[in-house]
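The values are calculated or read from the model by the stated rules, or taken from the named source; none is laboratory data. Note that this is a predicted model, so its numbers are computed, not measured. Cβ coordinates were reconstructed from backbone atoms using ideal geometry, including for glycine residues, and neighbour counts include every protein chain displayed. Protein only, heavy atoms only, side chains kept; ligands, DNA and RNA dropped before computing areas. Shrake-Rupley method; radii C 1.70, N 1.55, O 1.52, S 1.80 Å.
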Amino acid sequence: MTKLTLFGSPDAPELYPLRDFLQRSVVQYDWVDATADPTALPAGLRQAYAAGQRVPAIAFPDGQLLLNPTVQEVAQHLGWINKPSRQEYDLSIYGAGPAGLSAAVYAASEGLHTVLIEREAIGGQAGTSSLIENYMGFPEGIAGAELAERARQQARRFGVDILLLREGVKATFYNHRIHVDLASGDQLVARANICATGVEYAKLSLPNETQFFNKGLYYGAGASEAMFCRGKDVFVVGGGNSAGQAASYFAGFARKVYMVIRKGNLAATLSDYLVKRVTTTPNVEILYHATVQELAGHQVLEGIKLANSQDGTTTWHEAGKLFICIGGQPNTDWARETAIIRDPKGYLITGPDLVGRPSFPACWPLVRPPYHLETSVPGSFAAGDVRLNSVKRVASAVGEGAMAVTLVHKYLAEQDKMAG
Ligand SMILES: Cc1cc2nc3c(=O)[nH]c(=O)nc-3n(C[C@H](O)[C@H](O)[C@H](O)COP(=O)(O)OP(=O)(O)OC[C@H]3O[C@@H](n4cnc5c(N)ncnc54)[C@H](O)[C@@H]3O)c2cc1C
């Protein structure tokens, strides 16, 4: 595909979801700051800017210009919005991060009619990583989006139906099938399912946080933002690998990157190679014992107030960008009204971890115990970060995706035996 062109005003909040989606989907695009020379813009957009509408726009290789498009409209125009090709699948997989992609590749390559449903972009958290350096087989590292794109192509080659920008919102289990309502209003039916819906970043819970969302404050650290960090002071909140990676990547663009961490050291939360990287990069500074207390700005985020828990001081800092990479909340709302047992934080409990839970005997109908990655509903499996006690690594998510498929085979064989 030839390149798209993305036009916009750099700080427009509508722009971030578009460039994040394009970056994570490995779509090549040229970026044009539409405020720099409005007279040089394509006609439709020039008129909008002349009328004071500073909307983003995308020009496609076929000559079409979409003014202020949604991500859905862009995906539609790229031909990526498909309908399910079957009434019923052997396996439905929710979430196209490393776990879901791996499960899809293995399942379809082993002959299962498989559908993969993703509510955002392919790749999940891994797709937002600028460089994954600890995934086996890539000694120089690989951008998360590129790894995910390769997996997507592999899944398509084996015949997986990929339903992009659809979200599973409610599941019901009957007739030995899982019936899932999608936010789009469609329903998907499958004999077995794998939940690989991962986790998403927690919020800071500050009063005016939503006001600055996508206007200088971002959840996660999308690699697409790097070029907009040039010459700025950038703050990354969090001490985990995602924060460390982001700090080291943005340091190549920003004037200075501050890592804001609550603890007094990085060793407990950050891989050793990243500790060495961030502590030796001259324009990265680690602010230990620090938390963000207040946000300030007019149209966009301009400053943050940090509190130091050790000496009790607070300080205001000019902040060009604030990336929040803290904690994780599992995406399991869809399981709220099911018999699937979750822990208090919402993680799905599987296999041996279920046995001994007070609510387990009442919801488990079989004589055999649940398989290792099986939830408390037979035939419904979980893989990757969404699972209680998972390892939170690309490799382990990929491994669990593959393993879950083996267990799906066992379950389906059991069902076939019972049926006849
Ligand atoms: C910036 C960053 C850098 C990282 N770097 C590394 C690294 O270098 N090495 C490493 O090993 N690990 C790294 N990690 C961790 C690693 O990416 C995760 O452990 C891994 O992505 C987990 O995979 P997953 O498939 O379980 O879940 P996720 O990657 O979280 O994917 C879940 C997917 O499910 C989708 N989804 C959620 N709810 C629904 C729903 N209801 N319906 C449909 N879809 C849904 C989400 O949109 C998402 O795409 C990094 C993480 C981040 C954020």
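Of the GluC sites (Glu not before Pro) found in the range 292-358, those in coil by DSSP whose Cβ has at most 15 other Cβ atoms within 10 Å are 337.
Computing the accessible area with a 1.4 Å probe over protein heavy atoms, can you report the carbon and sulfur percentage for the chain? Don't skip to the answer; put the middle values down first.
Values: 9710 of 19120 Å².
Percent of accessible area from carbon and sulfur atoms in the chain: 51.
Accessible surface calculations at 1.4 Å, restricted to protein heavy atoms, place the range 210-324 at 44 Å² per residue.
Taking label points 7 Å from Cα along the Cα-to-Cβ direction, residue 76 and residue 14 give a separation of 1.5 nm. Any lysines with Cα under 30 Å of the residue 417 Cα? List them, leaving off those in the same chain fewer than 8 positions away. Candidates past the 8-residue exclusion: 170. The residues packed around residue 250, meaning those with a beta-carbon under 11 Å from its beta-carbon, carry a net charge of +3 if Lys and Arg are +1 and Asp and Glu are -1. From the residues 278, 147, 386, which one has its Cα farthest along the dipole of the chain in the positive direction, the dipole being from +1 and -1 charges on Cβ of Lys/Arg and Asp/Glu about the Cα centre? Result: 386.
With +1 on each Lys and Arg Cβ and -1 on each Asp and Glu Cβ, how big is the dipole of the range 210-324 about its Cα centre, in debye rounded to the nearest 20? Can you show the working numbers first?
Working: 11 positive and 8 negative charges, 41 e Å.
Its charge dipole is roughly 200 debye.
Placing dummy labels 7 Å off each Cα toward the beta-carbon, the span from residue 131 to residue 363 is 4.3 nm.
Among 317, 298, the order of accessible area from largest down is 298, 317, computed with a 1.4 Å probe on protein heavy atoms. Maximal additional length on extending the residue 5-residue 208 stretch stands at 69.8 nm, based on 0.36 nm per residue less the C-alpha distance.
Taking the centroid of alpha carbons for each part, the range 217-239 and the range 118-192 are 25 Å apart. Averaging the sequence gap over all C-alpha pairs within less than 8 Å and six or more residues apart, then dividing by the number of residues, gives the chain a relative contact order of 15 percent. Considering only 368, 262, 54, the mean-square fluctuation computed in a Gaussian network model of the chain, springs between alpha carbons under 10 angstrom, is largest for 368.
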